[in-house]
Amino acid sequence: VLQIVKESQQQHGLRHGDFQRYRGYCSRRLRRLRKTLNFKMGNRHKFTGKKVTEEILSDNRYLLLILMDAERAWSYAMQLKQEANTEPRKRFHLLSRLRKAVKHAEELERLCESNRVDAKTKLEAQAYMAYLTGMLRFEHQEWKAAMEAFNKCKTIYEKLANAFTEEQAVLYNQRVEEISPNIRYCAYNIGDQSAMNELMQMRLRSGGTEGLLAEKLEALITQTRAKQAATMSEVEWRGRTVPVKIDKVRIFLLGLADNEAAIAQAENEETKERLFESLLSECRDAIQAVREELKPDQKQREHPLENDSGKVSNIQYLHSYLTYIKLSTAIKRNESMAKSLQKALLQQQRSDEDGKRTPRPQDLIRLYDIILQNLVELTQLPGLEEDKNFQKEIGLKTLVYKAYRCFFIAQSYVLVKKWSEALVLYERVLKYAREVQSGAGAHRNSLKELPDVQDLITQVNAEKYSLQAAAILDANDPHENESPSQVKDGKPLSERFETFCLDPSLVSKQVNLVHFPPGFQPIPCKPLFFDLALNHVAFPPLEDKVEQKAKSGLTGYIKGIFGFKS
């Protein structure tokens with residue numbers, strides 16, 4: 001039973017959580033089975049109900065009819081559960097379809113009690129029935145009954161896993177893992193306070209996996225926090241207590257410590273990155289909820305100070321606190337990414353070996369730029385402008401990250417053999433580090449989470465000696481000074497036949513043979529002729545021609561006809 005169900009679900013939509021597609025598949029398969037078995041429910045004009053009985057169990061496909069009926073009803077219920085987030089009325093339809101699925105599962109269990117069915121199928125039918133019953137009780141919030149049904153299902157699958165080979169046991173163990181969060185959530189609602197911690201541990205063990213199990217864990221943890229948030233009414237930050245009236249903010253603040261602990265316990269970088277993204281997403285949602293509360297109060301936005309006390313309003317201060325959490329989390333995430341990149345740089349991994357892009361110092365520079373921008377935003381939070389201790393802490397953190405940023409800029413200059421620039425930047429790193437050491441004083445506790453500047457000073461001193469030695473060797477090596485790019489000086493091959501140099505570009509696709517298109521060359525212009533003699537020519541008089549033209553008229557016309565000329 002379980003193998004048929006899992007294969008059908010994975011191949012027809014549930015790999016991506018598409019319950020509607022799976023429901024369509026169940027309907028089509030039911031139609032094919034009824035047609036093959038000639039087990040039709042009447043004709044197109046009249047419905048005639050038929051039931052599968054033990055007498056007609058000559059073919060195992062009759063059991064498939066009942067199983068597909070149950071799967072179709074269950075998939076429709078899960079589809080409605082997704083839609084019920086925005087349309088609460090669909091929850092009634094959801095419960096109806098789950099009851100229908102349980103009814104079909106009961107019929108399947110009854111039919112499997114026949115002597116024609118083997119023991120393994122009987123046990124799987126009982127487990128399937130217990131699973132759907134537990135889902136129905138879970139949606140009805142009948143926690144004790146749901147827990148009993150899930151425990152029965154878990155027990156049967158664990159015994160089946162122990163009775164068969166490891167390959168066959170994988171499927172049963174996966175089902176046990178799926179229902180374990182539901183069991184712990186039921187236990188929590190019954191009164192077991194340790195169940196919440198176990199749910200958090202399950203989320204950690206799931207790693208970076210996606211899919212139904214991860215979504216189910218997140219949903220159960222959120223529901224658990226929502227119940228605990230009812231008792232939370234205020235939060236204290238930097239000596240000021242602020243009331244918290246928004247439910248979404250309560251849930252977020254309640255789970256903040258658990259999320260930070262989960263990040264600290266994460267075993268690999270992928271899990272840590274996923275938890276960071278989840279925490280930042282929840283924080284952005286909480287900030288958006290506070291912003292919606294701030295919008296109606298236009299006067300408060302224009303004049304945030306309350307009377308003459310110099311304090312911002314409670315809702316504005318809560319917004320600053322949530323923004324501080326978001327920016328601090330973003331800094332921790334970028335710092336974690338920077339540490340993993342530093343390890344990769346130290347190991348000198350080649351892209352040819354593992355097929356990945358080689359990490360470069362420029363990648364770290366970009367991360368530290370983002371961190372410094374986040375620190376600038378922290379200093380501009382409303383309500384903290386007059387907090388000298390806070391501004392001092394942010395200033396020291398800025399110096400630490402500036403020192404690391406300068407260090408990796410110097411490393412990038414070393415790679416291109418710009419020794420002078422790298423040496424100046426190393427001196428700047430030492431300057432920042434000494435400023436941090438001299439200004440730490442009473443703020444040493446706040447700097448514990450930051451990278452140690454003393455280690456950076458030791459590393460910079462070693463790099464300086466290495467850089468000076470490399471610069472001296474580079475100055476004394478004539479072959480190194482005459483690199484192919486310096487010798488050819490950008491000239492094409494046609495202009496440097498007399499000079500020998502090794503030019504790798506000659507065997508590449510962008511070989512430089514001649515200037516093309518060729519450049520313009522000066523040529524003589526076409527001569528221009530000016531007639532200067534025209535100004536000195538004396539033209540003959542034309543008075544007689546003008547007079548003759550004046551006398552012309554009717555007489556001249558007649559003379560012209562008869563051929564007389566003057």
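The values are calculated or read from the model by the stated rules, or taken from the named source; none is laboratory data. Since this is a predicted model, take the numbers as computed values, not measurements. Neighbour counts run over all protein chains shown; Cβ positions are idealised from the backbone, glycine included. Only protein heavy atoms, including side chains, enter the accessible area calculation; ligands, DNA and RNA are left aside. Shrake-Rupley method; radii C 1.70, N 1.55, O 1.52, S 1.80 Å.
Numerical summary
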{"read-out": "Among (1) modelled with pLDDT of 90 or more; (2) over 42 Å from the mean Cα position of the chain (by Cα); (3) farther than 19 Å from Leu2 by Cα, the one test that Asn115 misses", "value": "(1)"}
{"read-out": "Qualifying positions in region 1-16 - over 21 Å from Glu107 (Cα atoms) and surrounded by fewer than 16 Cβ atoms within 10 Å (Cβ to Cβ)", "value": "Glu7, Gln10, Gln11, Arg15, His16"}
{"read-out": "Residue within region 404-423 that is assigned to a helix (DSSP H, G or I), hydrophobic (A, V, I, L, M, F, W, C) and in contact (Cβ under 8 Å) with a residue 60 or more places away in the chain present", "value": "no"}
{"read-out": "Residue that is modelled with pLDDT of 75 or more and assigned to a helix (DSSP H, G or I), where the choices are Gln510, Gln521, Gln459, Gln548", "value": "Gln459"}
{"read-out": "Inter-residue pairs, beta-carbon under 9 Å, first farther than 20 Å from Lys388 by Cβ and exposed (fewer than 12 other Cβ atoms within 10 Å of the Cβ) and in region 440-458, second at pLDDT 65 or above and of a type in the set (A, V, I, L, M, F, W, C), 6+ apart", "value": "Gln454/Ala433"}
{"read-out": "Where Tyr128 falls short, out of the listed (1) in a helix (DSSP H, G or I); (2) without any contact (Cβ under 8 Å) to a residue 60 or more places away in the chain; (3) within 30 Å of Asp59 (Cβ to Cβ); (4) not acidic (Asp, Glu)", "value": "(2)"}
{"read-out": "Hits in region 390-425 (condition: of a type in the set (D, E, K, R) and either farther than 24 Å from Pro359 by Cβ or assigned by the TED database to the domain that holds Trp237 (or both))", "value": "Lys392, Glu393, Lys397"}
{"read-out": "Matching option when the condition is touching a residue at least 40 places away in the same chain (Cβ under 8 Å), basic (Lys, Arg) and surrounded by fewer than 17 Cβ atoms within 10 Å (Cβ to Cβ), among Lys431, Lys397, Lys392, Lys388", "value": "Lys392"}
{"read-out": "Subset of region 1-36 (residues that are touching a residue at least 12 places away in the same chain (Cβ under 8 Å) and not in a helix (DSSP H, G or I))", "value": "Val1, His12, Gly13, Gly17"}
{"read-out": "Extreme residue, modelled with the lowest pLDDT, among residues of region 352-368 that are open to solvent by less than 50 Å² (accessible area, probe 1.4 Å) and not in a loop (DSSP other than H, G, I, E, B)", "value": "Pro361"}
